Amino acid sequence: MRSPNRENGIAPAAAIACARLPPFKVALIDPSLFTLPYDMKLVQGLRGLGHSVSFYGKSLGRDETAPDGAALVQHFYPEMQNWGISRWPTPVSKMAKGVLHFRSMRRLVDVLRAEQPDVIHFQWLPLPIVDRRFIGALRTIAPLVLTAHDSRPFNASPSSMIQKLGATSALDRFDRVVVHTEQARRRLVEYGVEPGRIARIAHGFLHDDHPAPAAARAAGEDKPVCFLLFGKIKPYKGADLAIEAMRRMLPRERERCLLRIVGKPYVDTRPLVRAAAELGSCVALEFRHVPDAEIPSLLAEADALLFPYREIDMSGVLMAALTAARPIIASEIGGFTELLQNGQTALLVPAGDPDALSAAMRKLAREPSTRRDMSLEIRALAAIVPTWKTIAAETAAVYAQAREVRAAGG
């Protein structure tokens, strides 16, 4: 069993030292709220340790609910809602958002210059070619920290090619960069980021800290084994690979399986719909937003969870899977290989290999004892994932390091 406290770079001494740190005034920034659940947990953890956090994100639409307890400052893109830009043709709306992002970043410099935070922590640079123009001005206000959630920008699936411009070169302009995996650390060093500027901090649960895992689903002989692929449907997540893996099964094998793909799509869904239609009722597509309150029951209805990702560092959906104690089939990449053990907590398969994915699905479908054993191993793994108090303490220690180096003229 791998310990996230050790394998994911948690340094217990730093957490202890953090208890002696003065409270920081933090500006935490996620312009498009790409990782809102992570942001909220980190904000709550930092505030629980006595730090003051101003959380800056996008202006919310009528159908979006402000996050509870996060005190979101809706700074970015208010015009998107006021002018209805999201309803414009996609190329035009993207161009308009880019212009508005420049305007919002310029206003952010003025806001933070007046607020005078002790540290400025970005969760995302949604448009690096624009963001990097303001880094110098922001660094005159306070040390800058960036969490590189994706060491390969946007998991190699940006919504626009312009998002990739300057994405890696901007990393070296931050005082500290936080990563979640060793893979990410190696990549950042290859990009030219000084190793001493990189801090590795574990990813935590995005719902309850260390919740009680759900009981295994009762599956009768006549009930197909349900494989769930859940989360935002993006190219790198491999929904097409999961459907292809089902296609490569024999008809009698497919009868024992149900592939359920659930999530809001960020891709053209027509190829997925056509591929699923060829296989009939053994593939169920549900393209929709899933409220947080529904996630536990959705996971509880599955017998196994699929992560056929083409690219990833660490996955919030994976952390949710650990709390559900469901068997996992995942690509042999990134945080999956660093957190999971093949044959014990997961079946790991080569990324982009539908034959290997199909074989792993067939194995779990015909071996209920393997599913039970794997669930027990996942329960044990979930029990040692760091709490958000620990993660917040590690993050505050990074803030302290950045401030110390800045004070020393580094």
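Couple of notes before you dig in:
- The strands (runs of 3 or more DSSP E) found entirely in the stretch 300-353 that carry 3 or more residues being in contact (Cβ under 8 Å) with a residue 60 or more places away in the chain and out of contact with any Cys (no Cβ under 7 Å at 6 or more places or on another chain) are 304-307.
- Search result, residues across the stretch 354-400 that are without any contact (Cβ under 8 Å) to a residue 40 or more places away in the chain and not in a helix (DSSP H, G or I): Glu367
- Answer from Leu112, Leu125, Leu108, Leu100 - the residue that is within 23 Å of the chain's Cα centre (by Cα) and surrounded by 15 or more Cβ atoms within 10 Å (Cβ to Cβ): Leu125
- Counting residues in the stretch 344-363 that are closer than 23 Å to Ala202 by Cα, surrounded by fewer than 20 Cβ atoms within 10 Å (Cβ to Cβ) and of a type outside the set (Lys, Arg) gives one or more.
- The stretch 53-83, subset out of contact with any Phe, Trp or Tyr (no Cβ under 7 Å at 6 or more places or on another chain) and polar (S, T, N, Q), residue nearest to Ala392 (Cα to Cα): Ser54
- Cβ pairs under 8 Å, 6+ apart, first in the stretch 226-252 and in contact (Cβ under 8 Å) with a residue 60 or more places away in the chain, second among the small types (Gly, Ala, Ser) and in a strand (DSSP E or B): Cys226/Ala304; Phe227/Ala304; Leu228/Ala304; Leu229/Gly263; Phe230/Gly263; Gly231/Gly263; Gly238/Ser331
- Helices (runs of 4 or more DSSP H) contained entirely in the stretch 234-287, each with at least 3 residues that are under 17 Å from Ala302 (Cβ atoms): 239-247
- Filter pass, Pro23 being closer than 22 Å to Ala142 by Cα, in a loop (DSSP other than H, G, I, E, B) and either among the acidic types (Asp, Glu) or touching a residue at least 60 places away in the same chain (Cβ under 8 Å) (or both): no
- Selection of helices (runs of 4 or more DSSP H) fully inside the stretch 73-155 by the criterion of at least 2 residues being of a type in the set (Lys, Arg) returns 90-115, 128-139.
Each value in this text was obtained by applying a stated rule to the coordinates, not by laboratory testing. None of the values given here were measured: they were computed from a predicted structure. Cβ sites come from the backbone with ideal geometry, for glycine too, and all protein chains shown count toward neighbours.
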